[in-house]
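Right, one structure below, let's go through it.
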Amino acid sequence: MTDRGPISTSVVPWEYRDGRLRFLDQRALPSEERWIECATAAETAAAIRALAVRGAPLIGVAAAMGVVVEANRAAAEGEPGFAGALEAAFGLLVASRPTAVNLPAAIARMRRTAAASLGSPAGKRASLLLEEALRIAEEDRAGCLSIGRHGADFLERRIAPGPATILTHCNAGALATAGIGTALGVIRVLAADREVRVFADETRPFWQGARLTAWELSRDGFDVTLLPDVAAASVIASGRVSAVVVGADRIAANGDVANKVGTYGVALACRAHGVPFVVAAPTSTVDLSTASGSGIPIEMRSGDEVLSIDLPGGATVRMAPAGIAALYPAFDVTPAALVDAIVTERGTAVAPYAEALRALQDLR
Ligand code: MRU
């Protein structure tokens, strides 16, 4: 890997200080930097469900921290209810969103820690759970940096020298992780060596691109241009995009990639016009127990989120006439055949993905 020196971000979407868990409320961005506190597993699950905290790696971290605050609370109340409170927390948190595998993976780690500490006093068990949750966060922070380096190395080999324009969809940045981001991590590392301009798809209907990626990148000094999702294909066709880099919520064993709805269309346009389509994600997003994309649960969100727009400040504006239905699958699956590379913290997988992903998972 090329050593490009320190790469960082000014964006940190969560904190745990003096036993208090707080998240930057992503529903309020970009107009307001408002923090919300989650004092229980139920409050953390509600924040995840409402997209106040979002992005596959970050919801894994958030869920683990949700277990921690619940364990602290239950330990303070005494031994008898501790095991039951933990069990309820695992169940609530794991059910908060279905598609990102980082969430059940983080809860599985917390369950193993809880099981291994059986017999210890509740206070000791709570502190072991905190250690494990902080380990999950630290692994993600370090992993983002490695993903960035591997991804930038891959792009250096695949795109023309000189200024580069990278298109991304949704937000796979610092706001979605405990580090510099996955897709945006690649962009940040690439930008250490050459001029990089970013096209951010708006990402309807929650506007992760417009509200979050544009905010995060402009705050960190990047040249970012917003694109309506419906313009992505023609802009890719026009030759103005050097490569597309996106994140993922779950990657099946065969390399099919679930990511924010709209990603599949971007991948199709890339293949039609010979533009590299790269997925950047930690190995915690790879789910070898799901054979292909058809087995990935796709979150269906309320059609109301399509029919209306929530304005910063609280007002809701209805966009469609009354009585109209809306269908909102929050994710789609890009077939492995359209993916040029899957960049993880352990290295870059290329087709055939079944072998390559298994080999990366076996690397420890
Ligand atoms: O619904 P969201 O905003 O949680 O969806 C997020 C995405 O689709 C991201 O691209 C993905 O989680 C990767 S984040 C590093």
Kindly provide the set of residues from region 199-236 that are among the hydroxyl-bearing types (S, T, Y) and either open to solvent by 50 Å² or more (accessible area, probe 1.4 Å) or more than 24 Å from P161 (Cα to Cα) (or both), ordered by number. T203, T213, S218, S234
Has region 321-336 got at least one residue that is over 19 Å from T203 (Cβ atoms) and either in contact with a Lys or Arg (Cβ under 8 Å, 6 or more places away or on another chain) or surrounded by 15 or more Cβ atoms within 10 Å (Cβ to Cβ) (or both)? yes
For L288, are the conditions met, namely being in contact with a helix residue (DSSP H, G or I) (Cβ under 8 Å, 6 or more places away or on another chain), more than 16 Å from the ligand (Cβ to nearest atom) and either at pLDDT 95 or above or not β-branched (V, I, T) (or both)? yes
Could you check, for region 144-167, whether at least one of its residues is assigned to a loop (DSSP other than H, G, I, E, B), surrounded by 24 or more Cβ atoms within 10 Å (Cβ to Cβ) and not polar (S, T, N, Q)? no
Inspect region 76-85 for any residue being within 15 Å of the ligand (Cβ to nearest atom) and either on the phi > 0 side of the Ramachandran plot or modelled with pLDDT under 95 (or both) and give the result as yes or no. no
Can you tell me which residues in region 200-236 are under 14 Å from T263 (Cα atoms), part of a strand (DSSP E or B) and either within 20 Å of the chain's Cα centre (by Cα) or β-branched (V, I, T) (or both)? A200, D201
Helices (runs of 4 or more DSSP H) (entirely within region 47-117) containing at least 2 residues that are surrounded by 24 or more Cβ atoms within 10 Å (Cβ to Cβ) and touching a strand residue (DSSP E or B) at 6+ places or on another chain (Cβ under 6 Å): 56-77
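The values are calculated or read from the model by the stated rules, or taken from the named source; none is laboratory data. Please read these numbers as outputs of a predicted model, since none were measured by experiment. Using ideal geometry, Cβ is built from the backbone for each residue, glycine included, and neighbour counts are taken over all protein chains shown. Surface areas here come from the heavy atoms of the whole protein model, side chains and all, with no ligands, DNA or RNA. Shrake-Rupley method; radii C 1.70, N 1.55, O 1.52, S 1.80 Å.
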